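Below is one structure, written out as structure tokens; the observations come after it.
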Amino acid sequence: MSSAASQVILHPTVSQSLKVLGTTLGRDKLYRAAQYFARFLAWYLISRGHKIEGARWNALKSHLALARKLMRLGKPIEHLQAALRAAQVAAEPGEQITTICRQLGYFGYLTYDTLVWANAIKFFNFKPSTAGKISKNANRFWLTGILFSITHGLLKAGRLANEVKKLQGAHLIEKGQDADRDAKLRTLFNARDSTRHQFIIDLLDVWIPASNLGYTNLNDGVLGIFGLITSLMAFRQQWLAVNSK
């Protein structure tokens with residue numbers, strides 16, 4: 001029995017899971033996946049008349065959302081630093097501008113989101129009208145950040161496609177140049193895959209702030225599924241990043 005327990009507890013997958021959950025980003029993405037699954041399930045149950053069960057999942061969704069806001073305290077500064085770093089490096093102008101604007105959008109979103117959290121825990125007591133404006137501004141900045149991220153993805157994907165085409169069409173004769181080209185192509189393919197991955201996440205996530213602002217009327221079931229998918233995609237990305245070290 002003890003041998004079987006040891007095999008389970010010390011299994012590499014368990015160790016890898018603990019490693020990922022030891023990071024703030026890993027925990028956040030797992031909590032986010034649970035939050036949006038709860039959002040979907042609450043909608044599903046309530047839409048079928050199971051209000052008591054639905055209320056339980058709604059409560060879980062709300063508490064996870066609040067917990068994640070606490071985990072993100074201080075994160076606006078990370079995005080502000082990223083914007084400043086992007087402004088200081090030489091890069092393709094369109095990609096550089098969209099990167100800076102994306103980071104500033106997330107900075108604004110998380111700054112206002114901190115005020116939403118402070119009001120929710122009664123640290124500040126804003127008037128309902130003020131609290132509503134703060135929440136709307138948070139969603140506006142969130143939407144802005146995602147839209148710039150989508151634009152950045154399109155620009156970067158186009159540039160990478162052109163660079164791949166040039167390399168694949170190049171006729172290299174000198175010894176060793178073929179190996180250099182293959183290495184550059186692998187780097188470009190990896191960058192392209194990463195860009196596509198983020199682009200898919202953005203295309204799904206953009207509907208959440210858009211719906212919060214009333215620009216679309218997608219129900220909680222659809223938004224819950226979108227959020228669950230992007231959370232799992234981001235969690236998998238973090239898993240690969242942490243366990244490849």
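Since every read-out is calculated from the coordinates, none of them should be taken as a lab result. Since the structure is predicted, the reported quantities are computational estimates derived from the model, not experimental observations. Because the Cβ atoms are built from the backbone with ideal geometry, glycine has one as well, and the counts that use them run over all protein chains shown.
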Taking the 0 to 90 degree range and rounding to the nearest ten, how far is the long axis of helix 220-243 tilted relative to the main principal axis of the chain, both from C-alpha atoms?
50
Between helix 75-88 and the chain, what is the angle of the helix's C-alpha long axis to the longest principal axis, kept within 0 to 90° and rounded to the nearest 10?
20
Suppose every K and R has +1 on its Cβ and every D and E has -1 on its Cβ; what is the size of the dipole of the chain about the Cα centre, in Debye to the nearest 20?
600
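Please rank Ile77, Ile146, Ile9, fewest neighbouring Cβ atoms within 10 Å first, as an exposure proxy.
Sorted ascending by nearby Cβ count, the order is Ile9, Ile77, Ile146.
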Run down the aspartates and glutamates and flag those whose C-alpha is under 18 Å from the C-alpha of Lys122, throwing out any fewer than 8 positions away in its chain.
Asp113
The chain: relative contact order in percent, alpha carbon pairs under 8 Å with at least 6 residues between
28
Charges only on Cβ, +1 for Lys and Arg, -1 for Asp and Glu: so what's the dipole of the range 74-214 about the Cα centre, in debye to the nearest 20?
380
Using Cβ contacts closer than 10 Å as the measure, can you line up Asp202, Asp113 from fewest to most?
Asp202, Asp113
Can you give the relative contact order of the range 1-139 as a percent, counting alpha carbon pairs under 8 Å and 6+ residues apart?
17
Note down the Stokes-Einstein diffusion coefficient of the range 74-214 in µm²/s, whole number, using a Kirkwood radius over alpha carbon pairs, 10 °C, and 1.306 mPa s.
91
Taking the Cα-to-Cβ direction at Ser17 and at Val164 and moving 7 Å from each Cα, how far apart do the two end points lie in nm?
3.5
Size of the dipole of the range 70-126 about the Cα centre, Lys and Arg at +1 and Asp and Glu at -1 on the beta carbon, nothing else charged, in debye to 20?
240
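Between Arg186 and Ile200, what is 0.36 nm times their sequence separation minus the Cα-Cα distance? Round to one decimal in nm.
My answer for the length gained is 2.9 nm.
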Rounded if a/c under 1.5, otherwise prolate or oblate - the chain, Cα gyration tensor axes:
oblate
For the charge dipole of the chain, defined by +1 on Lys and Arg C-beta atoms and -1 on Asp and Glu C-beta atoms about the Cα centroid, which residue among Leu110, Asn162, Ala234 has the Cα displaced farthest towards the positive pole?
Leu110
Please give the helix 51-71 orientation as an angle from the longest Cα principal axis of the chain, in degrees from 0 to 90, rounded to the nearest 10.
50
Ascending count of other beta-carbon atoms within 10 Å, so fewest first, for Tyr31, Tyr215, Tyr112, Tyr36
Tyr215, Tyr31, Tyr112, Tyr36
Rounded to the nearest whole number, the Stokes-Einstein translational diffusion coefficient of the range 88-134 at 25 °C and 0.890 mPa s (Kirkwood radius, C-alpha pairs) in µm²/s is 195
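Provide, as a two-decimal number, the C-alpha radius of gyration of the range 34-95 over 2.2 N^0.38 Å, N being how many residues it has.
Here the answer is 1.84, to two decimals.
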Can you tell me the relative contact order of the range 143-245? Whole percent, Cα pairs under 8 Å, sequence separation 6 or more.
33
